[in-house]
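Only one structure is covered here, and it is reproduced in the block below.
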Amino acid sequence: MGIIKHDFGKKKRHAVRRFRSLLGLDALHEANVRANPLPYLERASERIYQLEKTLFEAAQAAVPAGDEASSSEKILVDKAEYQRLLRCRLIIESGLKELGIGGQEAADQG
């Protein structure tokens, strides 16, 4: 005699709860997400677009523009701050590569 396994919709409820929390919505929206997910999917799509746009703009800001005049002015930055900036730049470039846009390609497209 075996045991019949049934999750009673647990996986679907968990997926809806996770989606709701990723969008930053409170628990009151959970039933609405389950009943009519389209507006929430559109909201998620817009949020993804904004994040991709921010990554792209950050990558463009890291590469000097062609019309920028080279300045002989020097500034002092401590080594730790410089290392943090380099790590940030690497994170942005790797994020763009995961999206299928390389760091240098992003600057060329702008």
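Springs join every pair of Cα atoms under 10 Å in this Gaussian network model of the chain, and among Ile75, Ile91, Ile48 the largest mean-square fluctuation is at Ile75.
In the full protein context, region 1-99 carries 88 Å² of accessible surface per residue, based on a 1.4 Å probe and ignoring ligands, DNA and RNA.
Taking only protein heavy atoms and a 1.4 Å probe, the accessible area of region 1-67 is 60% carbon and sulfur.
The Cα-based radius of gyration of the chain, divided by its Kirkwood radius, gives an Rg/Rh of 1.23. Add +1 for every Lys or Arg and -1 for every Asp or Glu among the other residues with Cβ under 13 Å from the Cβ of Pro39, and state the total. Charge balance near Pro39 sits at +2.
The values are calculated or read from the model by the stated rules, or taken from the named source; none is laboratory data. Computed from a prediction, not measured in an experiment: that's the story for all the values here. All Cβ positions, even for glycine, are placed from backbone atoms using ideal geometry, and neighbour counts span all protein chains on display. Ligands, DNA and RNA are stripped out before the accessible areas are found, and what is left, the full protein with its side chains, is counted by its heavy atoms. Shrake-Rupley method; radii C 1.70, N 1.55, O 1.52, S 1.80 Å.
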